[in-house]
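The values are calculated or read from the model by the stated rules, or taken from the named source; none is laboratory data. No experiment lies behind these values; they were computed from the predicted model shown. Cβ atoms come from the backbone with ideal geometry, glycine included; neighbour counts cover every protein chain shown. Side chains are part of the model used for accessible areas, which takes the heavy atoms of the whole protein and leaves out ligands, DNA and RNA. Shrake-Rupley method; radii C 1.70, N 1.55, O 1.52, S 1.80 Å.
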Amino acid sequence: MSADQRRDAVTAPGFSLNTRKTGSSGWLERPPLDHIVMGVAILAFLIAFPFFNPGYRFLSLAITTGFTAIALYGLALQFGQAGIMSVGHAGIMGIGGYTAAILANQLGIGFWLALPASILLSALAAGLVGLPSLRVGGQHYIIITFCFCALLVIALTNGGDFTGAATGLDVGPIAGPFGINLAKLRNMYYLVMLALVVSLVLTYVIVHSPYGRTLWAIRENEPLARAVGINTNFHKIGVFALSGAFAGAAGILQTYYLRHISPPLYGAFPSLYLALMVMLGGARPLYGPLLGAIIVTFLPEVGGLDPIDSRIAYGVGLLLVILLLPAGVSGGLLGLYRSMIGRQRRAEKG
Amino acid sequence: MDIFLQQLINSLSVASVTILIGMGITLIFGLAGIVNFAHGEFLMVGGMVTWLLVMAGVNFFIAMFGAMAAVGVLGYVAERTLFRFTLNRPMNGFIMSIGLSVILQNVVIKALNEVQKSIPDPIAKVWVIGGVDIIAMRAIVVAITVVVVAITYFGITRSRYGVALRASVSDQDTAALMGIPVRRYVTGVFIYGSVLAGLGGALMIALFPITPFTGSVVIIRGFAVSLIGGLGNVGGAVVGGLVLGLVDALSAQYGYPQWTDAYSLVVMIVILILRPQGLLGGTLGPRAT
Amino acid sequence: MTLLQVEHLGTAYGPVTVNRDVSLTVGQNEIVTILGPNGAGKSTLLRAISGLLKPRSGSIRFDDRDVTNTPADRAVGLGIIMVPEGRKIFADMTVRENLRLGAYARKDRDAVEEDVKLMESYFEILAQKRGAKGGELSGGQQQMLAIARGLMARPRILLLDEPSLGLSPKLVKDLRAVIMDVKKTFASAVLLVEQNAGLALTVAERGYLLHNGRIVASGPISELRDDRLMRDLYLGNTPQGH
């Protein structure tokens, strides 16, 4: 027995592996009833949200939360399932965003055609950036990803007219299908929410699929996984690419939301904040990344904190989370929920 | 010849600060097994403390020791409240240090402001050595660094203390079975490395202005230096610092200046991939979890 | 005189209990063995005694001094030395450096150098390979190095965790001779934990049988050998000629 016997909740089975009955027929388990209920409730809330007249500001924040969460789901896949943390994620978002911006400016290609391009290129870039992780340890790898971001910013800043250099590039509004005006904020909100829901469902499917379990096995005990014939290298790069796809989608959405893109958006510090958000919210439970994005985006508004104070709050929050709630806020809430249910059940049993 | 010597001292003085921060990181990462992303902020805090003291009328060299003490205390507090809990899960420690760096940076911005700070040249003399004009402060920075490197080399690396640290980083439990008080040594190394960062900050502000963002600028060079030279290897930190200094100088002469930082980053990535233990050989850091 | 006294010791890793209510003693200069199948909790017990693991309950006394919660590095100063499972040689350091590390807690530096020479003369292989890196040695050589490293600390009691694991029969014979010498020449008590009863039954004076974390049998070696529980648990593992 190793000294690491005592596992913190980051490695404990999350949401998905609970022992309650699931409709486990074949390839994908049907999620337990209360998950479905929760999912539907959240969906309903998301749809109804704009009708409560939240105002321009809140709507903007919601959109920002939306695409940030999409990027976070990618990072959560990488870190939560495969155990590899990266602080270069914003850089990958940048690849997606810049692909779209460059396609728009150089070739006049709009959002819908650029979307697959962004996703593909980002996935590719992420896979490439992931290669060194096969050779070096986790901490060394994080430093490499940090450098990647820094390098990307330098390259973008010096890219001349092609990349718009330091001032960046502009893009026009998305050409909405069926004549929907996507310059209107509310419609943009729905688009982003749609993407978010897709990301959520995709994440769920991935985590609960045999592929997800393979990733889990690699994270838990890589030598063992290799011994039973799993091609760990292939799968690790695969999860990087997947994570990159999410980030690319987030990047292009961000670009078309801001209608502008510039290098500092994707530097090392935005990457750190992404890592911070995923740790804060929790990488393993399903709603963790969303929660992380919500907390970090809305906290300054709700708490009335200025940007400096809110960053200090994030930092402190991160420290507390690592020390006390290794599964992030969502993990902590989950634990709370479970212990309450447990108490109720025991009371019912009499 | 004159210009060359002047430029040499100038480059060396810049490299000195890089070496000091790199040495701190190489010791802490390589021998105590802690990856502290906030190390750059430690340097920045050292510089800011120096600034505050000098502005209040304290002599620079006393302020320098004040900065070293202040950052030493900061390091002690950070280790006891944060890093000591993550010795078995270094990844968590790294992530916490990200949080710490964000906190320190923004606290300083709040307490002071974002405007850059500088102090007048503490010595403001020009020495004439062999008929060549040399700015005294720069030469002193180099001299101080040389002394500190020597102390660190003989005090840590070559002593049985250093052997014990290398044993602890490779296998904490077995080191304890040898009678090595691992936790105490880890704290000691962490404090020492932090003091070095404080010194680096003081020397830096003696040479050029700093801002609250200086930390994030130097941290990556600090990691680069220690990884290029080899973790835990003091000589390696020196070599790493000189290599980066050389890259900078070459790029200024022959390359595109705006790509300068990029070159150092690329050098580091290449070495990390091809020879993870660094040029001079070092530990591979804590077993990453 | 009782050197080590363990009473009602309980150990656990997080929510998993490993040892329950373990009581044993080791006398000055005695060779005592703890036997048991895989997973019985033998290593955990040694980790608790050596100070690497804090026990959940019970007490450990050494030289009539309470050491229940004494951490490993301080236990070394008292003379409690463990040679861990799997040797755990520092692979990147030379044989000599490994030896010197064993004596890290000692203050008498000159005597330490004498002891290094002593170990090298007693274990010839260490003299031959003195400059080699620990990782370059074979399993058997590493085991000898690990024991020598332990002896460098001048132990009062030497805890050996499955030293015969992976060794050939010839090496096991050498090991036996070394363990006898630890008692005779180096005047230390020995607490030997083994899964394979072969070595232990030929070298120990008294023994305990551990099963599922508890002591289920104990006594002088001659009795233990014939004990029914022993035979049940070790069917097929009886020592062949010693």
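Numbers below:
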{"item": "Test for residue B:118: is it away from every other protein chain (no Cβ under 14 Å), among the hydroxyl-bearing types (Ser, Thr, Tyr) and open to solvent by 20 Å² or more (accessible area, probe 1.4 Å)", "result": "yes"}
{"item": "Elements of type helices (runs of 4 or more DSSP H) in the stretch C:1-119, at least 2 residues being over 21 Å from residue B:186 (Cα atoms), away from chain B (no Cβ under 14 Å) and not polar (S, T, N, Q)", "result": "C:42-50"}
{"item": "Residue satisfying all of: in the stretch B:244-282; hydrophobic (A, V, I, L, M, F, W, C) and part of a loop (DSSP other than H, G, I, E, B); farthest from residue A:136 (Cα to Cα) among these", "result": "B:280"}
{"item": "Of the criteria (1) within 19 Å of the chain's Cα centre (by Cα); (2) farther than 23 Å from residue B:198 by Cβ; (3) aromatic (Phe, Trp, Tyr), which one residue B:127 fails", "result": "(1)"}
{"item": "Evaluation of residue B:288 against (1) closer than 30 Å to residue A:219 by Cβ; (2) over 18 Å from the mean Cα position of the chain (by Cα); (3) modelled with pLDDT of 75 or more (one fails), failing number", "result": "(3)"}
{"item": "Count - residues of the stretch A:257-279 that are of a type in the set (Ser, Thr, Tyr) and away from every other protein chain (no Cβ under 12 Å)", "result": "3"}
{"item": "Any chance residue B:248 is of a type outside the set (S, T, N, Q) and within 11 Å of chain A (Cβ to nearest Cβ)", "result": "no"}
{"item": "Single unsatisfied condition, residue A:148 versus (1) within 14 Å of chain B (Cβ to nearest Cβ); (2) closer than 30 Å to residue A:208 by Cα; (3) of a type outside the set (D, E, K, R); (4) open to solvent by 10 Å² or more (accessible area, probe 1.4 Å)", "result": "(2)"}
{"item": "Residues of the stretch B:208-240 satisfying the condition of being of a type in the set (Ser, Thr, Tyr) and in a loop (DSSP other than H, G, I, E, B)", "result": "B:211"}
{"item": "Boolean, residue B:256 is at the interface with chain A (Cβ under 9 Å from one of its Cβ atoms), open to solvent by 10 Å² or more (accessible area, probe 1.4 Å), more than 13 Å from the chain's Cα centre (by Cα) and free of Cβ contacts under 8 Å to residues at least 40 places away in the same chain", "result": "yes"}
{"item": "Residue pairs meeting the criteria (Cβ under 8 Å; at least 6 apart or on separate chains; first in contact (Cβ under 8 Å) with a residue 40 or more places away in the chain, in the stretch A:103-132; second among the polar types (S, T, N, Q) and in a helix (DSSP H, G or I))", "result": "A:114/A:99; A:118/A:99; A:121/A:99; A:122/A:99; A:126/A:243; A:129/A:145"}
{"item": "Matching residues, the stretch B:71-101, being in contact (Cβ under 8 Å) with a residue 40 or more places away in the chain, over 11 Å from residue B:187 (Cβ atoms), open to solvent by 10 Å² or more (accessible area, probe 1.4 Å) and more than 8 Å from chain A (Cβ to nearest Cβ)", "result": "B:74"}
{"item": "All positions within the stretch C:97-125 that are hydrophobic (A, V, I, L, M, F, W, C) and within 20 Å of the chain's Cα centre (by Cα)", "result": "C:99, C:101, C:103, C:105, C:119, C:123"}
{"item": "Checking residue A:217 against (1) of a type in the set (Gly, Ala, Ser); (2) within 24 Å of residue A:67 (Cβ to Cβ); (3) surrounded by 15 or more Cβ atoms within 10 Å (Cβ to Cβ); (4) modelled with pLDDT under 85, the condition it does not meet", "result": "(2)"}
{"item": "Lone unmet requirement of (1) open to solvent by less than 20 Å² (accessible area, probe 1.4 Å); (2) away from chain C (no Cβ under 14 Å); (3) not basic (Lys, Arg) for residue B:266", "result": "(1)"}
{"item": "Residue in the stretch C:204-222 that is nearest to the chain's Cα centre (by Cα), counting only those that are surrounded by fewer than 17 Cβ atoms within 10 Å (Cβ to Cβ), outside any strand (DSSP E or B) and in contact (Cβ under 8 Å) with a residue 60 or more places away in the chain", "result": "C:205"}
{"item": "Positions within the stretch B:157-177 being β-branched (Val, Ile, Thr) and either facing chain C (nearest Cβ under 7 Å) or outside any helix (DSSP H, G or I) (or both), in sequence order", "result": "B:163, B:174"}
{"item": "Qualifying position, being among the hydrophobic types (A, V, I, L, M, F, W, C) and more than 25 Å from residue B:165 (Cα to Cα), among B:243, B:195, B:186", "result": "B:243"}
{"item": "Residue check for residue A:94: open to solvent by less than 10 Å² (accessible area, probe 1.4 Å) and farther than 30 Å from residue A:222 by Cα", "result": "yes"}
{"item": "Filtered residue count, the stretch B:183-213, keeping only those that are crowded, with 24+ Cβ neighbours inside 10 Å and within 11 Å of chain C (Cβ to nearest Cβ)", "result": "0"}
{"item": "Failed item, numbered, when residue B:138 is tested on (1) open to solvent by less than 20 Å² (accessible area, probe 1.4 Å); (2) of a type outside the set (Val, Ile, Thr); (3) more than 9 Å from chain A (Cβ to nearest Cβ)", "result": "(1)"}
{"item": "Conditions (1) touching a residue at least 24 places away in the same chain (Cβ under 8 Å); (2) of a type in the set (Val, Ile, Thr); (3) part of a helix (DSSP H, G or I); (4) out of contact with any Leu (no Cβ under 6 Å at 6 or more places or on another chain): number failed by residue B:115", "result": "(3)"}
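Residue-by-condition table, conditions (1) within 23 Å of residue A:245 (Cβ to Cβ); (2) touching a strand residue (DSSP E or B) at 6+ places or on another chain (Cβ under 7 Å); (3) at the interface with chain B (Cβ under 10 Å from one of its Cβ atoms):
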{"position": "A:101", "(1), (2), (3)": "yes, yes, no"}
{"position": "A:112", "(1), (2), (3)": "yes, no, no"}
{"position": "A:119", "(1), (2), (3)": "yes, no, no"}
{"position": "A:123", "(1), (2), (3)": "yes, no, no"}
{"position": "A:144", "(1), (2), (3)": "yes, no, yes"}
{"position": "A:160", "(1), (2), (3)": "no, no, no"}
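Here's the yes/no breakdown for (1) within 30 Å of residue B:162 (Cβ to Cβ); (2) acidic (Asp, Glu); (3) in contact with a Pro (Cβ under 6 Å, 6 or more places away or on another chain); (4) surrounded by fewer than 16 Cβ atoms within 10 Å (Cβ to Cβ):
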| residue | (1), (2), (3), (4) |
| --- | --- |
| C:25 | no, no, no, no |
| C:36 | no, no, no, no |
| C:52 | yes, no, no, no |
| C:65 | no, no, no, yes |
| C:85 | yes, yes, no, no |
| C:96 | yes, no, no, no |
